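Just below is one structure, and these are the notes that go with it.
The values are calculated or read from the model by the stated rules, or taken from the named source; none is laboratory data. Given the structure is predicted, the values throughout are model-derived calculations rather than measurements. Here the Cβ is made from the backbone with ideal geometry for all residues, glycine too, and neighbour counts use every protein chain on show.
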Amino acid sequence: MHFFKETTKIDLGDTSIENIFINDFMPMANGTHVKVYLLGYKYANDRDPSLRVNNPTISRHLSIPLSDVMDAWDFWEKKGIIKKHFINDDNPYDFKVEFLSLKQLYIDNNYKITNNVVETEENIVHNSSFSAKDFMEIQEVPGVKEMFSLISQLMQRQLSPNESRNISEWIYKYHIDPSFIIRAFDYCIERKKVKNIRRISYVETIIKNWSHDGINTEEKLDNYLEKTDKRYYQYKRIFKALGFGYRSPSEKEMSIMDTWFDEWNFSMELILRACENSSKTSNPNINFINSILKGWKQDKINTIDEVNAKEAAHKEKTTTKKTPVKKSFSNNRFHNFKQRTDKYSSEELEKLVRRKR
């Protein structure tokens, strides 16, 4: 054998965790849920027949209440990755936990099985108008790789290969850019409150409806949202100006921005003018823009022209202060020095020169 691994003198054990759990399920759970799953999974992989562990064991090991352990198993059971097998029906805490194969769940969810023949994603692509060649060409479109990365961040899980293929097909089917698809996912998650999109067909339905109304570019989408969901559009437009990407605003940030529009009656144009000042700080944030707008409110500034006038006056005042005052040489001792020849006229000097010669 030409390939081998170093063996250790003491076997401390290893527990192999499937990447599907790390990529898809771990981001949706809190820390306690993850710790309970991992410790239970570790016990499930132990080969020592004398080992006796149960839920109270996990509770003691993790120093958490037994009720938290129960909540964790309830959570993972709802996600469909474990099964409970009760030993005693009278004791709700006494049950065995079966860890289901995540790889098998992935296969079941992403492949169709008919007549004992597995129909793979490649076959599905060939059977549709969106061919494998089309799929490969779409991957070369600028922004597609970034699109998949941002969608995974928004969904808090990795996309499956089949989902990636379907999303790529939307570009081909609806004649839209990758950035438009990102906006659709962001809208569904933030505005429709679909925090964990398990079926991307929901997003496609939104895109299909927009496409039916002739909305297939970001500019058209902005115009549409400005009319139908103005506040959401305002939040996103401000965040875009500040370079925050697709980050969702916090409740405090939304409250501050609401004040700009509802109480101070500032226009979007004026707010975006304030956002231009974000380049003056290394860490632009809503509070920084709020301080600028608050100052304008106190100065009763409500238009772009008034802002320009104020900045021009400030610039002129600053320039005047910094202009150096040129000193006259008349006060210089060297220039005030009395020359010996000052007492002679030009004619007398000429006579002196001739006499010297």
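Among the listed residues 174, 187, identify the single one that is of a type in the set (Phe, Trp, Tyr), within 23 Å of residue 29 (Cα to Cα) and not assigned by TED's automatic domain parsing to the domain that holds residue 79.
That would be 187, the only listed residue that is of a type in the set (Phe, Trp, Tyr), within 23 Å of residue 29 (Cα to Cα) and not assigned by TED's automatic domain parsing to the domain that holds residue 79.
Between residues in the stretch 130-151 that are more than 13 Å from residue 245 (Cβ to Cβ) and residues that are among the acidic types (Asp, Glu), which pairs lie under 6 Å by C-beta distance while being six or more apart or on different chains?
From residues that are more than 13 Å from residue 245 (Cβ to Cβ), the pairs are 130/169.
Collect the residues in the stretch 17-35 that are surrounded by 15 or more Cβ atoms within 10 Å (Cβ to Cβ), out of contact with any Leu (no Cβ under 7 Å at 6 or more places or on another chain) and modelled with pLDDT of 90 or more, keeping them in residue-number order.
32, 33, 34, listed by residue number.
Restricting attention to helices (runs of 4 or more DSSP H) lying wholly within the stretch 74-162, give those where 3 or more residues are surrounded by 13 or more Cβ atoms within 10 Å (Cβ to Cβ) and modelled with pLDDT of 80 or more.
Working: elements: 102-110, 121-127, 132-138, 144-155.
The helices (runs of 4 or more DSSP H) meeting that bar are 132-138, 144-155.
Do we have any residue at all in the stretch 332-345 that's modelled with pLDDT of 70 or more and surrounded by 10 or more Cβ atoms within 10 Å (Cβ to Cβ)? Give the steps one after another, and end with the answer.
If we filter the stretch 332-345 for residues that are modelled with pLDDT of 70 or more, which is where we start, we get none.
No, the stretch 332-345 has no match at all.
Please determine, by comparing only the residues of the stretch 194-244 that are among the hydroxyl-bearing types (Ser, Thr, Tyr) and farther than 18 Å from residue 174 by Cα, which one is farthest from the chain's Cα centre (by Cα). Steps first, please.
At the first step, the residues of the stretch 194-244 found to be among the hydroxyl-bearing types (Ser, Thr, Tyr) are 201-202, 205, 211, 217, 224, 228, 232-233, 235.
Those left that are additionally farther than 18 Å from residue 174 by Cα: 228, 232-233, 235.
Working: 228: 24, 232: 17, 233: 17, 235: 15 Å.
In this case the residue turns out to be 228.
For the stretch 80-94, give me each residue that is in contact with a Phe, Trp or Tyr (Cβ under 6 Å, 6 or more places away or on another chain) and closer than 19 Å to residue 18 by Cα.
82
When residues of the stretch 207-226 are filtered for being surrounded by fewer than 17 Cβ atoms within 10 Å (Cβ to Cβ) and free of Cβ contacts under 8 Å to residues at least 24 places away in the same chain, how many remain?
Number of matching residues: 10.
Listed here are the residues, each with its yes/no results for (1) surrounded by fewer than 17 Cβ atoms within 10 Å (Cβ to Cβ); (2) in the same structural domain as residue 222 (by TED's automatic domain parsing); (3) part of a loop (DSSP other than H, G, I, E, B).
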{"residue": "243", "(1), (2), (3)": "yes, yes, yes"}
{"residue": "252", "(1), (2), (3)": "yes, yes, no"}
{"residue": "257", "(1), (2), (3)": "no, yes, no"}
{"residue": "261", "(1), (2), (3)": "yes, yes, no"}
{"residue": "265", "(1), (2), (3)": "yes, yes, yes"}
{"residue": "283", "(1), (2), (3)": "yes, no, yes"}
{"residue": "289", "(1), (2), (3)": "no, no, no"}
{"residue": "294", "(1), (2), (3)": "yes, no, no"}
{"residue": "307", "(1), (2), (3)": "no, no, no"}
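If you check 261, 266, which single one turns out to be touching a residue at least 12 places away in the same chain (Cβ under 8 Å) and in contact with a helix residue (DSSP H, G or I) (Cβ under 6 Å, 6 or more places away or on another chain)? Walk me through it before giving the result.
Numbers: 261 fails: in contact with a helix residue (DSSP H, G or I) (Cβ under 6 Å, 6 or more places away or on another chain).
None of the other options fit; the residue is 266.
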